[in-house]
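Notes to accompany the following structure.
The values are calculated or read from the model by the stated rules, or taken from the named source; none is laboratory data. A quick note: this is a predicted structure, and the numbers were derived from the prediction, not measured. Neighbour counts are summed over all protein chains in view; Cβ atoms, including those assigned to glycine, are modelled from backbone coordinates with ideal geometry.
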Amino acid sequence: MTCDPVRFGVVGLGRAFMLMLPGFRADPRVKLVAAAAPREQSRNAFEAEFGGRTYADIKGLCADPEVEAIYVATPHQFHCAHVIAAAKAGKHVLVDKPLSVSMEDGTAMVSAAREAGIHLIVGPSHSFDGPVAQARALIDSGALGRVRMIQALNYTDFLYRPRRPEELRTKEGGGVLFSQGVHQIDIVRLLAGGLASSVTAMTGAWDPARPTEGAYSALLDFQGSAFASLTYSGYAHFDSDEWMGWIGELGHPKSPEAYGGARKALQAVDAADAEAALKSTRTYGAGEAPPAASHHEHFGPIIVLCERGDLRLTPTGLHVYDNFEKSFRPAPVLRFPRAEVFDAVVNAVRGNRAPAQTGAWGLATLEVCYAILEAARTGTSVALNHQIAAADGAPHPIAEER
């Protein structure tokens, strides 16, 4: 699609923005023109690199007439206020996952976007990854028949990376479910068709010094009789990247010799303020963005079992096992990090074509996060009521009326 670049403002110049920065730098279809952040150091760095305007809060960003889309990259607890402010200003929104901290906030955000006639996209999540899109296309082709079962696993050191205090409090959106589970749930819902029916689950909170969920296992059933098992641990012992050819989550080669690095770094921190300060060293203006990745991003081993064959997703492509032979289908060429997220934004803003990962989709994924917590607490199956089907490329009827 040939078009004028989408003019982006970004609110929040922390770690989330840093992970998107290589894509912003590489994609000529988008242009960063403004930013809002409380840290003067980050604002100065933004002005030096991009020459745009900066603001201390989101009000100036929303009032900026040059900004047509806002990337909300602030901590979870600010998503609701920032998305609603952007929507009321008529700006399209890309909001980092999770959509919000609560279902009530998420519902208000989806309603605000609908009323304003703007596109609300939730991402980046790993459901945008190239091999996931490749697997979905193969499933949609019908070549392997219907999806019967999905297994998704991931074992990381997430809980021992530097955290702000609220990231270790479940009620404030902390723990592995809201920051990590959303990725896994998004992928599984996309590949299984989106319409999950119920959840059974157990969770683990095993470290009193990190008092939130660090692990879970869940079983989702879907309309049409498919089901999926999801397991995640952020407790930093076994690393499932060993099963991914030592390609890390962000698509970079990873050394097995780095084992235990997160825990070792955390040992040098003796207070919550010091830990938060350590995390701030990875923000824009204080640290460097990740180098360009050599492979697609991934979120651990995923196997999809279909009627006439199975799929195994890797950062380099799909292993396909049909009734009579096995084959490997290379992933699409990696253009730049998170190119598929930028595709979604450009298609929405310039082509009025919504991706699968709309605000309503993000609300459905958030519902599964809460259902996992509830199922683990009660020991019962929890019914789901906000699920939507996986579909993208759909026109945005309200935006068409603007």
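Taken across the stretch 52-72, residues that are among the small types (Gly, Ala, Ser), within 22 Å of the chain's Cα centre (by Cα), part of a loop (DSSP other than H, G, I, E, B) and outside the structural domain of PHE178 (by TED's automatic domain parsing) do not occur at all.
Residues satisfying the criterion are absent from the stretch 131-138 (criterion: assigned to a loop (DSSP other than H, G, I, E, B) and buried (at least 16 other Cβ atoms within 10 Å of the Cβ)).
Give SER102, SER42, SER141, SER111 a once-over and let me know the one that is over 20 Å from PRO337 (Cα atoms) and in contact with a Gly (Cβ under 7 Å, 6 or more places away or on another chain).
Details: SER102 fails: in contact with a Gly (Cβ under 7 Å, 6 or more places away or on another chain); SER141 fails: in contact with a Gly (Cβ under 7 Å, 6 or more places away or on another chain); SER111 fails: in contact with a Gly (Cβ under 7 Å, 6 or more places away or on another chain).
Selected residue: SER42, the only one of SER102, SER42, SER141, SER111 that is over 20 Å from PRO337 (Cα atoms) and in contact with a Gly (Cβ under 7 Å, 6 or more places away or on another chain).
Restricting the search to strands (runs of 3 or more DSSP E) fully inside the stretch 251-343 and requiring at least 1 residues that are free of Cβ contacts under 8 Å to residues at least 12 places away in the same chain and either of a type in the set (Lys, Arg) or under 18 Å from SER127 (Cβ atoms) (or both) gives 309-314, 326-330.
Residues checked against (1) surrounded by 16 or more Cβ atoms within 10 Å (Cβ to Cβ); (2) closer than 25 Å to ALA218 by Cα; (3) over 18 Å from the mean Cα position of the chain (by Cα):
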{"residue": "GLY142", "(1), (2), (3)": "no, no, yes"}
{"residue": "ARG146", "(1), (2), (3)": "no, yes, yes"}
{"residue": "ASN154", "(1), (2), (3)": "yes, yes, no"}
{"residue": "LEU159", "(1), (2), (3)": "yes, yes, no"}
{"residue": "GLU167", "(1), (2), (3)": "yes, yes, no"}
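Residues in the stretch 152-173 that are outside any helix (DSSP H, G or I) and over 13 Å from ASP207 (Cβ atoms): ALA152, LEU153, ASN154, TYR155, THR156, ARG161, PRO162, ARG164, ARG169, GLY173. Would it be correct to say that ALA16 is part of a helix (DSSP H, G or I) and at negative phi? It is true that ALA16 is part of a helix (DSSP H, G or I) and at negative phi.
Does the stretch 111-120 contain any residue that is touching a His at 6+ places or on another chain (Cβ under 7 Å), part of a strand (DSSP E or B) and surrounded by 23 or more Cβ atoms within 10 Å (Cβ to Cβ)?
Going residue by residue through the stretch 111-120, those that are touching a His at 6+ places or on another chain (Cβ under 7 Å) are 118-119.
Restricting the remaining residues to those that are part of a strand (DSSP E or B) gives none.
No, because not a single residue in the stretch 111-120 is touching a His at 6+ places or on another chain (Cβ under 7 Å), part of a strand (DSSP E or B) and surrounded by 23 or more Cβ atoms within 10 Å (Cβ to Cβ).
Residue-by-condition table, conditions (1) closer than 26 Å to PRO131 by Cβ; (2) loosely packed, with under 15 Cβ neighbours inside 10 Å; (3) charged (D, E, K, R):
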position: GLN267; (1), (2), (3): no, yes, no
position: ALA271; (1), (2), (3): no, yes, no
position: GLU275; (1), (2), (3): no, no, yes
position: GLY285; (1), (2), (3): no, no, no
position: PRO290; (1), (2), (3): yes, no, no
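Of (1) surrounded by fewer than 21 Cβ atoms within 10 Å (Cβ to Cβ); (2) touching a helix residue (DSSP H, G or I) at 6+ places or on another chain (Cβ under 9 Å); (3) modelled with pLDDT under 95, ILE84 satisfies all except one. Which? It is condition (3) that ILE84 fails.
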